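Everything on this sheet refers to the single structure shown next.
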Amino acid sequence: MIVAASLRALGRRRGRTALALAGIAVSAALLLDMTMLASGLTRSFGDLLGVSGYALRVTPKGILPFDSEAGIPGGDAVGERIARVPGVKSVAPVLGAQFRVVRGDSAGPPLFTMGIRPGAQFLYRLVEGSEPGPGEVVVSEPMSRLDGIRVGSTLQLAGGAGVSLGRRDARTVRVSGVGDFLYDYAEQRSLAMPIGQVQRATGRPGEVSLFGVAAADGVDGDDLARRIAAAVPEVSTLSTRELMREMDRRLLYFRQLATILGSIAMVVTALLISTIVTIGVRERFGEIATLRAIGVARGRILLAVVTEGLVLAAAGCVAGLPLGLWMARRLDRILLSFPGIPARMTFFAWEAERVALAMGLVIAIGGLAGCIPGLAAVRSPLSQALREEAE
Amino acid sequence: MLLSLALAAVLAGDPVPGLLVERRLAEAVPLGVGDTVRVRALASGRQPRPFVVAGVFERAADPNRIARNDFEVRFHLSDLEGLLPTHDRVDRFAVVLAPGARGDSAARWIETTALGTRAYSSTGLAERTSATFAVVSRFHDAIGIVTILASAIFLLCVMVIRVDERRRDMGVLRLIGVSRGTVFRAIVLEAIGIAVVGSAAGAVLGMIVARIVNAYYAHLYDTTLRFALVTPRIVILAALLGLALGALAGAFAAWRVVQVAPQKLGER
Amino acid sequence: MTDEPGRVIEARGIIKEYPYQGDAVRALRGVDVDVSAGEMVAVVGPSGCGKSSLLNVLAGIDPPTRGTVRLLGDDLYGLDEGARSRLRLRRVGFIFQRFHLLAVLSAAENVELPMAEAGVPKRERRDRARELLDYVGLGHRTAHRPPHLSGGEQQRVAIARALANRPEVIFADEPTGELDRRTGAEIIDLFARLNRQGTTLVVVTHDAKVAESAPRVVEMADGLVVGSGVRP
């Protein structure tokens, strides 16, 4: 009953309680977003790396996938050595290059082109058509949509801008399929074709930019990475965990920003709740003194005041959760316009335990914020409180 | 371009070409002027070649590379070509224009003349390379709006509470004949006062926090870049915003209290 | 100190000092008071004479600087805070000048509150609250909240609340101080009725009507008991 009375006191000043709830909701939303941001991109990157089943990347020594133009010379042979490592299920070579679509006498802007092994690749999923055979390409979905390219269309591709200078070095390829390219940024035009075709066209025979390696069932990725590193020491073998760690390092700023803003949100929440509860308690000082005088235990009064803080915080969370998710979508849209960020990634990952952590933190802050005025109320000298109230 | 670099001793013979190493690398190895290093390009498969450290330079603070754990060395172009499998190739040219020439039109002329090239004026290039930071800036703006919203609600809440606390006093003032307008103005003035004091304290706190943030990142990334900047414009903007929010919060709280009949203000 | 049978309160050598600007103000300067079961005692005297301080000390609200108090057989200030709270909750009733009802609770809920805290089952306390409100003449206003009740009605609710856990002694501090003469008279009648039914009452008042209604009067001045008399 005493707890119910305490909660009803919140309703007595509706305007002020509504304002406090709005403030707590905004702070809780910010805290939620910062909690989601703190691990979102890394987590989302990890998910993306593993989505095709190729959890390991083998790259030229010391570099990250597509971090430079460096390639692995004699890549075909390296691929065979990797495939022989126990625990390797499949090896998918990739060679990155740039081609231009030729229309008439002019070449278009460079397109990111990937040489792949059609039976073993991890860069796209076919949404239409079939894997590319000799003289065939798969185009990305935005390229198909924006340029009106369909399965069966033919394209003139050139390695450089020489066409515009009158060089007849363009070759005709047929579009065998349209793919959903997993690592492309929004509206990116990309191509994939058999790796041998790219090697020949670019004069890089046998070269590979990187390999994706799929581990056999039940094989630990990190263990396999160590075995490949031992078997092929001239390359770098990176497990998903290592790539995520590197991503984490590069995104340190965002994590720290998230921590700072999250802390500020927590302080604001604590200030709001403690202010509102303190004032509420001060207004009811006489009531509280009366309760103590008639024999209500201090602990019960403290419980009532703390519950007030907890309920305020919990109600703020209920309002803050949808607000936070809405804000996360808006902020994600801003951050995904970073150059080179795959469109499938997200900076704000929904992880139930993290959301629960953020909301739990707000509610705990509510409880703590209620403790301060609650303790002050039950510790004040009783006769003095009664006297002040009577004056 | 990725290079591997190792300290080496060189026998007398052909003159050894020089290179420059950036300060962070010189400190990390450590390297000093006159040291000899052996360098090879990672992807070339070629044998390493000796170079002598001719100098140490401070790399320009580049926000794009801040989080990348790489070091920079500089060669004569011909020496670098000697390390690489490809020859007669450059990544980019820097072009100095004649006085009076316009960067943008010169860039368009170069693109039409040297087919397959892309040319940028320095302004255009700055815009392109700062795309990342434009995004960060937009993100900060969005967070700023949320923060302002939270602060506004907080200020409003504090003002409403302060006024609520003194409803009886306000009632007495009204009962002894003080007009609604006077009570209203007094509350708004008080709110503005709180906002001014809060803004001033916030500006000082902001400057202190900016110093701490900059010191932290300078240490973390070994950079001269400044991550947080409290400029007079920002201080003025924050103060004006604080004043406006304070006045609004005061007006709202005052409006609530002057709507109530004076004899009712004493009720709990 | 003796522990006489039938003695509800035994206070000996009560001194109460309050700190004030680095000094100590002595509100009670060595007070001895005894109250027996079934008595109604009015403590009277001018403002500032120490009446309310004495009531607070006797009721276990404010510990004396020196002296001892036995309340209902317990050495009141030998008990810890929790035990004193339990004693006040279960065996003592309180009535204040300003009623001190919880504004957010209805009249019935205000009366139920001490019973709820004492662990009385919900149904029982609801019935008892209605019964008590009937007793104080407010059976028709059980659902009203204090802001919607007159001063006299609020004080009746406070009396019903004080009776909630069937106390052996009730302390009242200026119970008619906020009421008009007619309403005050009604409260005095109620006290007299309670006393006739066996409840011990200690009432601090400067209302002559209340003092007249009490069979025994303790007169105070300047922190001391200066007179005590039983009405024939």
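The values are calculated or read from the model by the stated rules, or taken from the named source; none is laboratory data. For clarity, every value in this text was computed on a predicted model and none was experimentally measured. Cβ coordinates were reconstructed from backbone atoms using ideal geometry, including for glycine residues, and neighbour counts include every protein chain displayed. Ligands, DNA and RNA are stripped out before the accessible areas are found, and what is left, the full protein with its side chains, is counted by its heavy atoms. Shrake-Rupley method; radii C 1.70, N 1.55, O 1.52, S 1.80 Å.
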Within region A:1-35, of all residues that are within 13 Å of chain C (Cβ to nearest Cβ), open to solvent by 30 Å² or more (accessible area, probe 1.4 Å) and in a helix (DSSP H, G or I), the one farthest from C:Val104 (Cα to Cα) is A:Arg14
Flagged pairs (Cβ under 9 angstrom, 6 or more apart or on separate chains; first in region B:139-153, without any contact (Cβ under 8 Å) to a residue 60 or more places away in the chain; second open to solvent by 20 Å² or more (accessible area, probe 1.4 Å) and of a type in the set (Lys, Arg)) are B:Ala142/A:Arg330
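Pick from region A:288-298 the residues that are part of a helix (DSSP H, G or I) and either without any contact (Cβ under 8 Å) to a residue 12 or more places away in the chain or open to solvent by less than 30 Å² (accessible area, probe 1.4 Å) (or both): which of them is farthest from the other protein chains (Cβ to nearest Cβ)? Step through it out loud before you land on a result.
Quick first cut of region A:288-298, residues part of a helix (DSSP H, G or I) only: A:288-293, A:298.
Within this subset, residues satisfying the condition of being either without any contact (Cβ under 8 Å) to a residue 12 or more places away in the chain or open to solvent by less than 30 Å² (accessible area, probe 1.4 Å) (or both) are A:288-293.
Values: A:Ile288: 10, A:Ala289: 8, A:Thr290: 4, A:Leu291: 8, A:Arg292: 7, A:Ala293: 5 Å.
Among them, the one singled out is A:Ile288.
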Sole miss for A:Glu207 among (1) assigned by TED's automatic domain parsing to the domain that holds A:Leu41; (2) touching a Gly at 6+ places or on another chain (Cβ under 8 Å) is condition (1)
The helices (runs of 4 or more DSSP H) lying entirely within region B:104-187 that contain at least 2 residues which are open to solvent by 40 Å² or more (accessible area, probe 1.4 Å), over 30 Å from A:Pro110 (Cα atoms) and in the same structural domain as B:Gly198 (by TED's automatic domain parsing) are B:131-165, B:167-175
Checked region A:170-195 for anything in contact (Cβ under 8 Å) with a residue 40 or more places away in the chain, out of contact with any Asp or Glu (no Cβ under 9 Å at 6 or more places or on another chain) and open to solvent by 30 Å² or more (accessible area, probe 1.4 Å); matches are A:Ala170, A:Tyr183, A:Tyr185, A:Ala186, A:Glu187
Residue count, region A:196-238, condition open to solvent by less than 20 Å² (accessible area, probe 1.4 Å) and under 15 Å from A:Gln98 (Cβ atoms), comes to 3
Every listed condition ((1) touching a strand residue (DSSP E or B) at 6+ places or on another chain (Cβ under 6 Å); (2) in the same structural domain as A:Arg333 (by TED's automatic domain parsing)) holds for A:Met36 save (1)
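Kindly evaluate B:Val209 against the criterion of being farther than 14 Å from B:Ala254 by Cβ, touching a residue at least 12 places away in the same chain (Cβ under 8 Å) and surrounded by fewer than 17 Cβ atoms within 10 Å (Cβ to Cβ).
yes
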For region C:35-63, the count of residues that are open to solvent by 10 Å² or more (accessible area, probe 1.4 Å) and within 10 Å of C:Val218 (Cβ to Cβ) equals 3
**Verdict on B:Leu237 being closer than 27 Å to A:Leu257 by Cα and open to solvent by 30 Å² or more (accessible area, probe 1.4 Å)** = yes
Exception for C:Asp80 within (1) within 12 Å of another protein chain (Cβ to nearest Cβ); (2) in contact with a Pro (Cβ under 9 Å, 6 or more places away or on another chain); (3) open to solvent by 30 Å² or more (accessible area, probe 1.4 Å); (4) not β-branched (Val, Ile, Thr) falls at (2)
Pairing a residue in region A:205-219 that is free of Cβ contacts under 8 Å to residues at least 24 places away in the same chain with any residue that is open to solvent by less than 50 Å² (accessible area, probe 1.4 Å), where Cβ atoms lie under 8 Å and the two sit 6 or more apart in sequence or on different chains, gives A:Pro205/A:Gln199
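Taking the options A:Gly316, A:Gly370, A:Gly320, name whichever one is assigned to a helix (DSSP H, G or I), more than 30 Å from C:Lys51 (Cβ to Cβ) and away from every other protein chain (no Cβ under 14 Å).
A:Gly370
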Notebook entry, point to check: Just a yes or no: is a residue in region A:44-51 over 31 Å from the mean Cα position of the chain (by Cα), open to solvent by 10 Å² or more (accessible area, probe 1.4 Å), farther than 30 Å from A:Val306 by Cβ and more than 13 Å from every other protein chain (Cβ to nearest Cβ)?
Noted result: no
Among (1) under 20 Å from A:Met345 (Cβ atoms); (2) within 14 Å of chain B (Cβ to nearest Cβ), A:Gly74 falls short only on (1)
Per the filter on region C:186-205, residues surrounded by fewer than 17 Cβ atoms within 10 Å (Cβ to Cβ) and either in contact (Cβ under 8 Å) with a residue 60 or more places away in the chain or of a type in the set (A, V, I, L, M, F, W, C) (or both) are C:Ala192, C:Gly198
Restricting region A:67-106 to residues that are open to solvent by less than 10 Å² (accessible area, probe 1.4 Å), part of a strand (DSSP E or B) and not aliphatic (A, V, I, L, M), the one modelled with the lowest pLDDT turns out to be A:Phe99
Scanning region B:133-168 for residues that are of a type in the set (Asp, Glu) and closer than 16 Å to B:Leu237 by Cβ gives B:Asp141
Taking region C:154-191 and keeping only residues that are under 20 Å from C:Glu212 (Cα atoms) and of a type in the set (Gly, Ala, Ser), one is left with C:Ala172, C:Gly177, C:Gly184, C:Ala185
Scanning region A:270-285 for residues that are surrounded by fewer than 21 Cβ atoms within 10 Å (Cβ to Cβ) and either touching a Pro at 6+ places or on another chain (Cβ under 6 Å) or within 14 Å of chain C (Cβ to nearest Cβ) (or both) gives A:Thr278, A:Glu283, A:Phe285
Every listed condition ((1) away from chain C (no Cβ under 14 Å); (2) touching a residue at least 60 places away in the same chain (Cβ under 8 Å); (3) surrounded by fewer than 23 Cβ atoms within 10 Å (Cβ to Cβ)) holds for A:Arg333 save (2)
Here the qualifying pairs (Cβ atoms under 6 Å; residues six or more apart or on different chains; first in region B:74-103 and under 22 Å from B:Val21 (Cα atoms); second open to solvent by 100 Å² or more (accessible area, probe 1.4 Å)) come out as B:Glu81/B:His87
Quick count over region C:83-94, residues being more than 10 Å from chain A (Cβ to nearest Cβ) and closer than 24 Å to C:Ile188 by Cβ, is 0
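Quick one: which of A:Leu357, A:Leu323 is surrounded by 18 or more Cβ atoms within 10 Å (Cβ to Cβ), within 35 Å of the chain's Cα centre (by Cα) and touching a residue at least 24 places away in the same chain (Cβ under 8 Å)?
Selected residue: A:Leu323, the only one of A:Leu357, A:Leu323 that is surrounded by 18 or more Cβ atoms within 10 Å (Cβ to Cβ), within 35 Å of the chain's Cα centre (by Cα) and touching a residue at least 24 places away in the same chain (Cβ under 8 Å).
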